[in-house]
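Contents: one structure, followed by commentary.
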Amino acid sequence: MTPATKRSLRTAKFSFFLMLFVFMALMPAARAAQQPVDTVSTEDIQFTDIPTPADSIAAAQAKMTDTAKKATLDAMAQAQAITDKANAENKTVPKTLWQIFIEGLLGGFTAVILPCIYPLLPLTVSFFTKKSGSRSKGVVQSLIYGVSIIIIYVTLGLLISIIFGSTALNEIATNGVFNIFFFLLLIVFGISFLGAFEITLPSSLANKLDQNADKGGLAGIFFMASTLVVVSFSCTGPIIGTLLVDAAAKGDRLGPAMGMFGFSVALALPFTIFALFPSALKSLPKSGGWLNSVKVVLGFLELAFALKFLSNVDLAYHWDWFDREIFLSIWIAIGLLLGLYLIGKIKFSHDSDVKYLSIPRVFLSIGVFAFVIYMIPGLWGAPLKSISAFLPPEATQDFNLLPVPGGGNTVSAATEQQTSIKKKKYDGNYDRIKTRGLDAWYDYDQALQVSKELHKPVFIDFTGFNCVNCREMEANVWSDPEVFKRLKNDFVMLQLVVDDKADLLPADQVISKYTGKKITAIGKKWSEFEAYRFNSNSQPYYVILDSEGNLLVPPSGSDENISSYIKFLDSGIDAYKNKNR
């Protein structure tokens, strides 16, 4: 393919994307035993068994077989003990749930300052204070009101978990249909926040809830909270949708419920606080055009966030449309538009005129323009470590001015010349996630064979196209000179991509030990291998094995402490050397 043709294809891909964005076991051997045939009478003769050379060899083989079996069982028991210890040390579910809760909390506080909710603060607090007849009773009713909001949103999160289930939630992050749906959903939310239309629930539902709110008592307060949830959906819907998408994609059963809990706590808190201290309402800024500006800013952020889901699909299904520089170009364009909006140079039909720049607008615009300037060098290959987790891998970059780590880009060819394996399996699938300068294999059996021939331990990197933490580790840890040197020189690197949708070669297809069904996709095979062999389903997950596939040291998860990561690598190298002395 000529350079001109390649440029034409890149131009076509870029144009197409812009149009899309705008519009939317070994076999045992049998051994035969030979029986001597009597040729003379043996009557009245007593024989003494004398071991022959063949008998001695058979006895030695049996002894060696028993020894080998014992050694294998001991190694398996030791590996299982190491794996159990490592899994106990690397559990991250509580941390993940706390992250989801904090994200929900931030989303709830953001929703409070949107035009659908912010003006309701003084009205609702005044309503409870006047209707109750006393301040103490008003406070109690406000507390019940806040708890009702929390119950409603947490119930919504639990329903998401019940409907999808934990298994389906684990698949969401890499499922093409879901990722495309999330991409389109966030685009619609973004356009809505920019003011093209409003996403609202049926008015009849709001009217029905409002009628029940007039009944009084606990039921009336609950229906009043339900009315707030419904009538504010045009503002909270996009935030809730984004939050649920992110929580569900993390694959934790309690993720959506925890996210909704954080969101509802932040949403209910202001109503309760201002009911306790009504005089504080006077210090709140008055409603105005700034509320709509908050919605527009969130609209731009929704559009930027949506691109990550499209990138996920592009990588997992090998479409090769969405290169890193295209992603950055769109983010830079969105950032420029957002900055110009903040300083009043562009406005939408429902915006009020910006007669002067307020101090908050000045600082926000400075931050946005600084972020845009920071991203520009990424178009020429700058690593952009602070946002590397959200960007497509650096290997998708068509134009990269940075030098190749370790010097040269012929590592793979040199290694292949030193081994009996002349062709890597599935090598072409992973051009877009390769780390420059590192030579990786993508098949377990081939990696073990290379390990035996090169006398190096196997370093397994359980990774994924859509693994955010994997990209962070590659950009922030693997790029360290000492880490890079060890990965390049001291290990046979095996990268097993658990979300690859490509088909396995017929000879590599296996039967699932969990479902009994045939596994035909590459990612499914390695995902089950990680779960069955190492009792883990998280990525990144780093495992160091010897040439026989035995575990040398406890595995490691994501660890951005470089010194700690180097100790992990060194421990694997030392264990391999000690075992092979």
Note to self: With the requirement that a residue be surrounded by 14 or more Cβ atoms within 10 Å (Cβ to Cβ) and not in a loop (DSSP other than H, G, I, E, B), what does segment 532-548 give you?
What the structure shows: Arg533, Phe534, Tyr541, Tyr542, Val543, Ile544, Leu545
Item checked: Unique residue being at pLDDT 90 or above and either assigned to a loop (DSSP other than H, G, I, E, B) or within 25 Å of the chain's Cα centre (by Cα) (or both) when the list is Lys525, Lys488 -> Lys525
Check: Can you tell me how many residues in segment 491-504 are assigned to a loop (DSSP other than H, G, I, E, B) and either open to solvent by less than 60 Å² (accessible area, probe 1.4 Å) or at pLDDT 90 or above (or both)?
Finding: 6
Next item on the list: Collect the residues in segment 370-400 that are modelled with pLDDT under 85 and touching a Pro at 6+ places or on another chain (Cβ under 9 Å), keeping them in residue-number order.
Entry: Glu394
Next item on the list: Could you grab me the full set of residues in segment 312-365 that are among the charged types (D, E, K, R) and either modelled with pLDDT of 85 or more or not in a helix (DSSP H, G or I) (or both)?
Entry: Asp320, Asp323, Arg324, Glu325, Lys345, Lys347, Asp351, Asp353, Lys355, Arg361
Check: Taking Ala219, is it surrounded by fewer than 16 Cβ atoms within 10 Å (Cβ to Cβ), of a type in the set (A, V, I, L, M, F, W, C) and either more than 23 Å from the chain's Cα centre (by Cα) or modelled with pLDDT of 80 or more (or both)?
Finding: yes
Next item on the list: Can you tell me which residue among Phe465, Phe529 is open to solvent by 10 Å² or more (accessible area, probe 1.4 Å) and of a type in the set (Phe, Trp, Tyr)?
Entry: Phe529
Notebook entry, point to check: Quick one: Leu551 ticks every box in (1) at pLDDT below 90; (2) crowded, with 16+ Cβ neighbours inside 10 Å bar one, so which box is it?
Noted result: (1)
Item checked: Hits in segment 309-328 - residues which are in contact with a Phe, Trp or Tyr (Cβ under 8 Å, 6 or more places away or on another chain) and of a type outside the set (Phe, Trp, Tyr) -> Leu310, Ser311, Asn312, Val313, Asp314, Leu315, Ala316, Glu325, Ile326
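The values are calculated or read from the model by the stated rules, or taken from the named source; none is laboratory data. Model, not experiment: these values are computed from the prediction. When we count neighbours, we look across all protein chains shown, and the Cβ atoms used for this are built from the backbone with ideal geometry, even at glycine. Calculation scope for accessible area: heavy atoms of the full protein, side chains included, ligands and nucleic acids excluded. Shrake-Rupley method; radii C 1.70, N 1.55, O 1.52, S 1.80 Å.
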